[in-house]
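Single-structure report; data block below.
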Amino acid sequence: MSVTGPDVGKATLGLYPLELYEPLIGRAATDRILSKAARARGAHIVHVSSTFYGGGVTEILTPLTLMMNAVGIETGWRLIQGTPTFFHGTKKLHNALQGEMIEFSPADRLIYEEVVFENSTRLHLSEFDAVIVHDPQPLPLVAHFPGRAMPWLWQCHIDLTEPNGAIWNYLRRFVEQYDAAILSLPEYAQDLAVNQHFITPAINPFSAKNAEMSDDAIRDCLTLHRVPTDRPLVVQISRFDRWKDPMGVIEAFHKVREQVDCTLVLVGSSASDDPESSIVLETVMQSIDERVIVLTVDDPLLVNALQRRAAVILQKSTREGFGLTVTEAMWKGAVVVGGDVGGIRRQIRDGYNGFLVRTVDETAERIVQILRDPRLRERLGAQARESVRQNYLLSRLLEDWLDLLAGYRLRARM
Ligand code: UDP
C-alpha cells in the first residue's frame, strides 16, 4: 500500500519544508513567508500541551513545530504530566468552557493547581525566548514564572461561544497573567485585560492522513479494516466525545436508511487527556446495528481512505472550536455535513462547499440529498477543496504565527 504526495521523500521524513507548498500557494507566498521567518531565525520557542496523542492540538503541533524548525526557528514541544484525577478535572474545565454548567470544587482546584505547579518545577521554561501554552490543562503554569523576561502566550482551541461564567472567571486570573490570549475565531473574543489574537487552525496536506492516495491504496486500506464498500459510506471521524454528538449521528443515519441504503462508519481513537471517551463509546455500542461500523483504531491512512471514499462526511458537533476533521475531509473533495456551530460555521459556507445543520432531521435530509445527487457531491466537493487551499493549509498558519511573534519582543533577539 502506498501513499503518494507531491514530494513523498521529504514529506515522509517529516521535514515538510515550505518549498513543498509552492505548487499549492505559489512562489510569491513561499518567498514572503521565508522572509518573515528570517526575522525570527535563531529564536528558541517552546509549545506546552497535555498530550502527544489524539485530538486537534496534537494534529496541529506535530507539523507546525517541524515546520518552524525547518525555517530556522528552534521550536520545542513539552508535555505536562498528570494523574487521571487531574485529567478528569481538566476535562471538566474543557466542558465548562464549551458552556456546560458544572462545578469545579475547591478540591478540583487544589489538584489542578498543584499538578501544574509540579510541572512548572520540572519543565524549566525560563530558558526559552517565548513560551506558548495550549488549552486549559497547563494554563496556570504562567503563575510560577512571575519575573519572566520572555513573552508567554496562551492559545485556546476550544469553542468559547458561551463559556460557563463562574469557571471562566476562575480561569481568567491565569489568562490575564499571559502577554496575550490566542483564540480560533474573533467570535470567541472575551472581556480580557490582555491582548487577544485570532488564529484559525490548518492542516498539513503532506501527512499520511492528508496526502494523495491511489484508488488501490484506498481499497486495500478499507479491506484491511473490514469496512464494507458494497453500499455508500456515511462517515464521522471523531473522538468519542458527547460534543461530537455520535448519538445524533446514529439517529440521523436510521432516518436516512428509511429512504436510502447505506453504511455508517464511526471512527474514534481516544486522546490520552480525555477520560470521558470510554463512557461515550459504551453508549454508542449499545445503539448500533449491522449497518453501523464502529472502529476504534488509530490509523491516519484509514482516516485518509475513508474521507476520500465516503459519499458523505459528517461532523455533527454541538460545539467545535474549529473542526480539523472538517478541513481534512474538504481537502479531499468530500461533502461535509457539519453542525452549525463554532468554527464549522467558518469552515463551511452552507450550500456552497458543504452543508450546515442544526437538527437530526436536517442532517438526515442533507445526507439523503447528497446520496441521491452525485453531481452535487462533485460540485460542492471541488469548492470545498479550493476553500481549503486558499485558507486552511499549514503554510498560512505558519505565516500567522510569524506575524504574531513579530509583535512581541522575543528575549534573545528582535
Ligand atoms: N482523529 C484521528 N482518528 C480518530 C479521531 C480523530 O486521527 O479516530 C484526528 C482527526 O483526523 C483530526 C483530529 O484527530 O486531525 C481531531 O481534531 P478536531 O479539531 O476535529 O477535534 P478535537 O479532537 O480537537 O476536538
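The residue that is nearest to residue 299 (Cα to Cα), counting only those in the stretch 207-232 that are part of a loop (DSSP other than H, G, I, E, B) and away from the ligand (no atom under 14 Å from the Cβ), is 226.
For the residues 190, 196, the requirement of being under 24 Å from residue 323 (Cα atoms), more than 19 Å from the chain's Cα centre (by Cα) and free of Cβ contacts under 8 Å to residues at least 24 places away in the same chain singles out 196.
Hey, could you check the stretch 117-163 for residues that are among the small types (Gly, Ala, Ser) and touching a residue at least 60 places away in the same chain (Cβ under 8 Å) and say which is farthest from residue 61 (Cα to Cα)? Only one residue fits best here, namely 149. The set of residues in the stretch 114-136 being β-branched (Val, Ile, Thr) and either surrounded by 19 or more Cβ atoms within 10 Å (Cβ to Cβ) or assigned to a loop (DSSP other than H, G, I, E, B) (or both) consists of 115, 116, 131, 132, 133. Does the stretch 242-250 contain any residue that is small (Gly, Ala, Ser) and touching a Gly at 6+ places or on another chain (Cβ under 9 Å)? Among the residues of the stretch 242-250, at least one is small (Gly, Ala, Ser) and touching a Gly at 6+ places or on another chain (Cβ under 9 Å), which makes the answer yes. Scanning the stretch 67-86 for residues that are in a helix (DSSP H, G or I), buried (at least 22 other Cβ atoms within 10 Å of the Cβ) and touching a residue at least 60 places away in the same chain (Cβ under 8 Å) returns 67, 68.
Among the conditions (1) under 20 Å from residue 119 (Cα atoms); (2) within 16 Å of the ligand (Cβ to nearest atom); (3) touching a helix residue (DSSP H, G or I) at 6+ places or on another chain (Cβ under 8 Å), the only one that residue 161 does not satisfy is (1).
The conditions are (1) part of a helix (DSSP H, G or I); (2) surrounded by 17 or more Cβ atoms within 10 Å (Cβ to Cβ); (3) out of contact with any strand residue (DSSP E or B) (no Cβ under 7 Å at 6 or more places or on another chain), and residue 170 fails exactly one of them. Which is it? That leaves (2) as the condition not met.
Take the conditions (1) within 11 Å of the ligand (Cβ to nearest atom); (2) farther than 17 Å from residue 213 by Cβ; (3) touching a Leu at 6+ places or on another chain (Cβ under 8 Å); residue 293 misses just one of them, which is (1).
I'd like to verify a number: residues in the stretch 30-61 that are in a helix (DSSP H, G or I) and touching a residue at least 40 places away in the same chain (Cβ under 8 Å), how many? Qualifying residue count for the region: 13.
Taking residues in the stretch 278-291 that are in contact (Cβ under 8 Å) with a residue 12 or more places away in the chain, and partners anywhere that are assigned to a helix (DSSP H, G or I), the pairs with Cβ atoms closer than 6 Å and at least 6 places apart or on different chains are 280/242; 284/246; 287/250. With respect to (1) touching a helix residue (DSSP H, G or I) at 6+ places or on another chain (Cβ under 9 Å); (2) free of Cβ contacts under 8 Å to residues at least 12 places away in the same chain, the lone exception for residue 223 is condition (1).
The condition (being at negative phi and out of contact with any strand residue (DSSP E or B) (no Cβ under 9 Å at 6 or more places or on another chain)) is satisfied by just one residue among 333, 338, 343: 343.
Results for (1) of a type in the set (Lys, Arg); (2) in contact with an Asp or Glu (Cβ under 8 Å, 6 or more places away or on another chain), shown as yes or no for each residue.
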{"residue": "216", "(1), (2)": "no, no"}
{"residue": "223", "(1), (2)": "no, no"}
{"residue": "248", "(1), (2)": "no, no"}
{"residue": "257", "(1), (2)": "yes, no"}
{"residue": "275", "(1), (2)": "no, no"}
{"residue": "295", "(1), (2)": "no, no"}
{"residue": "303", "(1), (2)": "no, yes"}
{"residue": "313", "(1), (2)": "no, no"}
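Evaluate the stretch 146-154: report whether one residue or more is within 16 Å of the ligand (Cβ to nearest atom) and surrounded by 21 or more Cβ atoms within 10 Å (Cβ to Cβ). For the stretch 146-154, residues within 16 Å of the ligand (Cβ to nearest atom) and surrounded by 21 or more Cβ atoms within 10 Å (Cβ to Cβ): absent.
Identification of helices (runs of 4 or more DSSP H) wholly contained in the stretch 317-393 with 1 or more residues that are more than 16 Å from the ligand (Cβ to nearest atom), small (Gly, Ala, Ser) and crowded, with 19+ Cβ neighbours inside 10 Å yields 360-372, 374-391.
Yes or no, residue by residue, for (1) surrounded by fewer than 22 Cβ atoms within 10 Å (Cβ to Cβ); (2) within 30 Å of residue 43 (Cα to Cα):
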site: 90; (1), (2): no, no
site: 95; (1), (2): yes, no
site: 100; (1), (2): yes, no
site: 103; (1), (2): yes, no
site: 112; (1), (2): no, no
site: 138; (1), (2): no, yes
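Within the stretch 225-252, being more than 18 Å from residue 370 (Cα to Cα) and more than 26 Å from the chain's Cα centre (by Cα) holds for 226, 228.
Restricting attention to the stretch 268-290, the residues that are more than 9 Å from the ligand (Cβ to nearest atom), touching a strand residue (DSSP E or B) at 6+ places or on another chain (Cβ under 9 Å) and not acidic (Asp, Glu) total 4.
The criterion of being in a helix (DSSP H, G or I), charged (D, E, K, R), within 17 Å of residue 319 (Cβ to Cβ) and modelled with pLDDT of 95 or more does not hold for residue 162. The residue pairs whose first member lies in the stretch 386-398 and is farther than 20 Å from residue 68 by Cβ, whose second member is of a type in the set (Ser, Thr, Tyr) and at pLDDT 95 or above, and whose beta carbons are closer than 6 Å, counting only pairs six or more residues apart or on different chains, are 388/327.
The values are calculated or read from the model by the stated rules, or taken from the named source; none is laboratory data. Nothing here was measured: the structure is a model prediction, and the numbers come from that model. Positions of Cβ are generated from backbone atoms using ideal geometry, with glycine treated the same way; all protein chains shown enter the neighbour counts.
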